[in-house]
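The values are calculated or read from the model by the stated rules, or taken from the named source; none is laboratory data. Since the model is a prediction, treat every value here as computed from it, not as a measurement. Heads up, the Cβs are rebuilt from the backbone with ideal geometry, glycines too, and the neighbour counts pull from every protein chain shown. Keep in mind that these areas ignore ligands, DNA and RNA; they rest on the heavy atoms of the full protein, side chains included. Shrake-Rupley method; radii C 1.70, N 1.55, O 1.52, S 1.80 Å.
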Amino acid sequence: RKATEKTLIESEKRFRVMFELSPAGIILINEKGMIIEVNTAFCETLQYSRKEIIGKNIRMFTSPERDEQIKNNISTILSGKTIIHEVTNIRKDGSSSIEALYETLINLPDGKPGILTVSNDITEKKRAEERMMTLSRALESIGECVTITDYQNKIIFVNNAFCKTYGYCEEEIIGKDVSIIRSSANNAYPAEEILSDTIQGGWTGELVNIRKDG
């Protein structure tokens, strides 16, 4: 019995360390939505101390408009289903934090059902995606040909004007070397030199290019 108790204590210590050191936020709530445990990462993301969170309802991080959705989610998880979704939480300073959540049913220490939520802050990722979408829409709307390549001269983006000018659809051109549109008349401007100059600060000049139909 003593050996079993020792094993359980050591196991609990290991899980406590993993719980606290996890870079993802972890939160446990009971079937009424009351918070019974959180880790440091979760507290830091939403700018609250552990004492300010424990014993409060999970709704403290959301607006009243989400009450019904939260109620439905709790009911769904307690029925045995796992939910993977994104939510917008409110930090202590009033700013928004976009969280990717993995939520599943768990048995709490008192034997009652509860919910384990693993939370990852994806706020900056979402903002970066929005900036990229804005940039993409801007590039698509202009009438000049735009090509973006990687450092190996492989095409990773073309806009509509490019496709109309050269006769390629996007699927045909993405991933191809930019030399696919270059003519042998450009011998004075080797692709390697253009790429090198571009990386070092920029290249300007005139090139003869070839459409898909030759």
Seminar exercise, completed: Counting only residues that are without any contact (Cβ under 8 Å) to a residue 40 or more places away in the chain and on the phi > 0 side of the Ramachandran plot, segment 156-176 contains a total of 1
Seminar exercise, completed: When every residue in segment 31-63 that is in contact (Cβ under 8 Å) with a residue 40 or more places away in the chain and among the aromatic types (F, W, Y) is compared, the one most open to solvent (accessible area, probe 1.4 Å) is Y48
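Looking at this structure, is L101 more than 20 Å from E44 (Cβ to Cβ) and in contact (Cβ under 8 Å) with a residue 12 or more places away in the chain?
Details: more than 20 Å from E44 (Cβ to Cβ): no; in contact (Cβ under 8 Å) with a residue 12 or more places away in the chain: yes.
In short, no.
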Exercise. Looking at T117, T82, which is the one that is β-branched (V, I, T) and either surrounded by 14 or more Cβ atoms within 10 Å (Cβ to Cβ) or out of contact with any strand residue (DSSP E or B) (no Cβ under 6 Å at 6 or more places or on another chain) (or both)?
Worked result: T117
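Just wondering, is there one or more residues in segment 120-128 that are within 24 Å of the chain's Cα centre (by Cα) and in contact (Cβ under 8 Å) with a residue 40 or more places away in the chain? Step through it out loud before you land on a result.
So the first thing to find is which residues in segment 120-128 are within 24 Å of the chain's Cα centre (by Cα), and the list is 120-128.
When the remaining residues are screened for being in contact (Cβ under 8 Å) with a residue 40 or more places away in the chain, the result is 120-121.
Yes: segment 120-128 contains one or more residues that are within 24 Å of the chain's Cα centre (by Cα) and in contact (Cβ under 8 Å) with a residue 40 or more places away in the chain.
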Problem set entry | Wholly within segment 1-103, strands (runs of 3 or more DSSP E) carrying at least 2 residues that are under 23 Å from the mean Cα position of the chain (by Cα) | 25-30, 83-90
Exercise. Got a sec? Which of Y102, Y151 is closer than 14 Å to I26 by Cα and of a type in the set (F, W, Y)?
Worked result: Y102
Seminar exercise, completed: In segment 131-166, anything under 16 Å from N209 (Cα atoms) and open to solvent by 90 Å² or more (accessible area, probe 1.4 Å) is listed as E144, K164
Exercise. Which condition number does N186 fail, the rest of (1) open to solvent by less than 50 Å² (accessible area, probe 1.4 Å); (2) modelled with pLDDT of 90 or more being met?
Worked result: (2)
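Based on what the data block shows, is N120 within 16 Å of I27 (Cα to Cα) and touching a helix residue (DSSP H, G or I) at 6+ places or on another chain (Cβ under 8 Å)?
Working: within 16 Å of I27 (Cα to Cα): yes; touching a helix residue (DSSP H, G or I) at 6+ places or on another chain (Cβ under 8 Å): no.
In short, no.
Just checking, which of A128, A185, A161, A191 is small (G, A, S) and touching a helix residue (DSSP H, G or I) at 6+ places or on another chain (Cβ under 8 Å)? First the steps, then the outcome.
Details: A128 fails: touching a helix residue (DSSP H, G or I) at 6+ places or on another chain (Cβ under 8 Å); A185 fails: touching a helix residue (DSSP H, G or I) at 6+ places or on another chain (Cβ under 8 Å); A161 fails: touching a helix residue (DSSP H, G or I) at 6+ places or on another chain (Cβ under 8 Å).
After applying the criteria, what remains is A191.
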Problem set entry | Failed condition for L108, given (1) open to solvent by less than 50 Å² (accessible area, probe 1.4 Å); (2) within 19 Å of S79 (Cα to Cα); (3) at pLDDT 95 or above | (3)
